[in-house]
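Here's the structure, in structure tokens; my notes come after.
The values are calculated or read from the model by the stated rules, or taken from the named source; none is laboratory data. These numbers come from a predicted model, not from an experiment. Quick reminder, even Gly has a Cβ in these numbers, built from the backbone with ideal geometry, and neighbours come from all protein chains shown. Surface areas here come from the heavy atoms of the whole protein model, side chains and all, with no ligands, DNA or RNA. Shrake-Rupley method; radii C 1.70, N 1.55, O 1.52, S 1.80 Å.
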Amino acid sequence: MAGKTLTRADLSEAVHRNVGLSRTESADLVKSVLDIITDTLITGETVKLSSFGTFMVRSKTGRIGRNPKTGEEVPITPRRVLVFRPSQVMKNQINGVEGGSED
Amino acid sequence: MIKSELIQKIAEKNPHLYHRDVERIINTIFDQIINAMRGGDRVELRGFGAFSVKSRQGRQGRNPRTGEPVTVEAKHVPFFKTGKELREQLNRTEP
């Protein structure tokens with residue numbers, strides 16, 4: 001596998017190229033999109049992006065964990081975690097399968 | 001929130017942009033992420049999270065209804081790891 005990493009800068013560059021906005025404005029828009037998704041998730045609301053996937057927040061209860069190295073018991077406090085569920089379209093694309101139903 | 005609502009929010013914050021450009025911006029972002037993953041690349045969005053592709057080996061599965069053995073092909077699965085900042089933000093205020 002290629003092992004390259006795409007960053008915010010690459011996304012901004014793509015927006016700049018595809019939409020023709022300045023690099024600065026493109027970077028601001030990429031940030032804006034991620035910020036809106038973040039703010040929505042923080043309120044506990046699910047974000048569903050068709051043909052991409054769904055981000056949802058799950059609440060986990062507290063439990064007693066264990067340090068696997070020392071065997072020592074550690075309390076794990078209740079917390080909220082973000083779960084991403086890829087769409088069928090994304091899964092197919094990654095496996096080189098054309099099309100696929102919307103999810 | 002669904003994609004059209006995300007587009008709406010960005011459009012409201014940027015009244016100088018055409019609606020179709022806002023749509024193009026959002027689609028570009030998510031298409032780029034999928035494209036990178038299709039090539040096996042990682043996508044790291046600081047503060048938000050990272051998308052990567054994991055490989056699953058082929059295995060001998062079973063049709064749960066009939067019990068019949070079936071071959072499950074090796075495949076790639078998308079994976080998302082929440083960024084540290086976002087993880088912390090989710091737990092700053094009690095749910």
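Mind listing the phi-derived Karplus ³J(HN,Hα) values for region A:55-68, rounded to whole Hz, using 6.51, -1.76 and 1.60 with θ = phi - 60°, and x for any glycine or proline?
Working through the residues one at a time gives 9, 9, 9, 10, 9, 9, 7, x, 7, 8, x, 9, 5, x Hz.
How much accessible area does B:His16 have with a 1.4 Å probe, in Å² rounded to the nearest 10?
Looks like 120 Å² after rounding.
For region B:36-95, what does the accessible surface come to per residue with a 1.4 Å probe? Please give it in Å².
On a per-residue basis, 70 Å².
What ³J(HN,Hα) values, in whole Hz, does the Karplus curve 6.51 cos²θ - 1.76 cosθ + 1.60 give for region B:20-33 when θ = phi - 60°, with x put for Gly and Pro?
5, 6, 4, 4, 5, 4, 4, 5, 4, 4, 6, 5, 4, 5
For region B:54-95 and region A:50-70, what is the separation of their C-alpha centers, rounded to whole Å?
For region B:54-95 versus region A:50-70, the Cα centre distance is 13 Å.
Using θ = phi - 60° and the Karplus curve 6.51 cos²θ - 1.76 cosθ + 1.60, what whole-Hz ³J(HN,Hα) does each residue of region A:12-20 get, with Gly and Pro shown as x?
4, 4, 5, 5, 4, 5, 6, 10, x
Please report the equivalent ellipsoid semi-axes of the protein assembly as shown, computed as sqrt(5 x eigenvalue) of the Cα gyration tensor, largest first, in whole Å.
31, 25, 16
Given only helices, namely DSSP H runs of n ≥ 4 each adding -39500 (n - 2.57), what is the per-residue ellipticity at 222 nm of chain A, to the nearest 500 deg cm²/dmol?
My calculation for chain A gives -12000 deg cm²/dmol from helical runs alone.
For a quick check: with amide H placed at 1.01 Å from N, whose amide H comes under 5 Å from A:Gly53's, ignoring anything fewer than 5 positions away on the same chain?
Distant-sequence amide H within range of A:Gly53: A:Ser87.
7 Å from Cα along Cα→Cβ at both A:Glu73 and B:Ser55: what's the point-to-point distance in nm?
Result: 4.2 nm between the two label points.
Once the piece of chain linking B:Arg65 and B:Asp31 is laid out straight, how much longer is it, given 0.36 nm per residue of separation minus the C-alpha distance between them?
That pair, B:Arg65 and B:Asp31, stretches by 8.6 nm at full extension.
Once the piece of chain linking A:Asn92 and A:Thr46 is laid out straight, how much longer is it, given 0.36 nm per residue of separation minus the C-alpha distance between them?
Extra length from A:Asn92 to A:Thr46 when fully extended: 14.3 nm.
Where does region B:1-82 land on the Kirkwood hydrodynamic radius, alpha-carbon pairs, in angstrom?
15.8 Å is the Kirkwood radius here.
Have a look at A:Thr24, B:Val70, A:Phe55 and report the one farthest towards the positive end of the charge dipole of the protein assembly as shown, computed about the Cα centre with Cβ charges (Lys/Arg +1, Asp/Glu -1).
B:Val70
May I ask for the Kirkwood hydrodynamic radius of chain A, worked out over all distinct Cα pairs and given in angstroms to one decimal?
17.1 Å
Ignore the peptide's own chain and count Cβ atoms of other chains within 10 Å of each Cβ in A:62-74; give me the average, rounded.
Whole-number average of other-chain Cβ neighbours for A:62-74 is 0.
For the B and A pair, go ahead and give the buried accessible area with a 1.4 Å probe, both sides summed, in Å² to 100.
Buried: approximately 4600 Å² between A and B.
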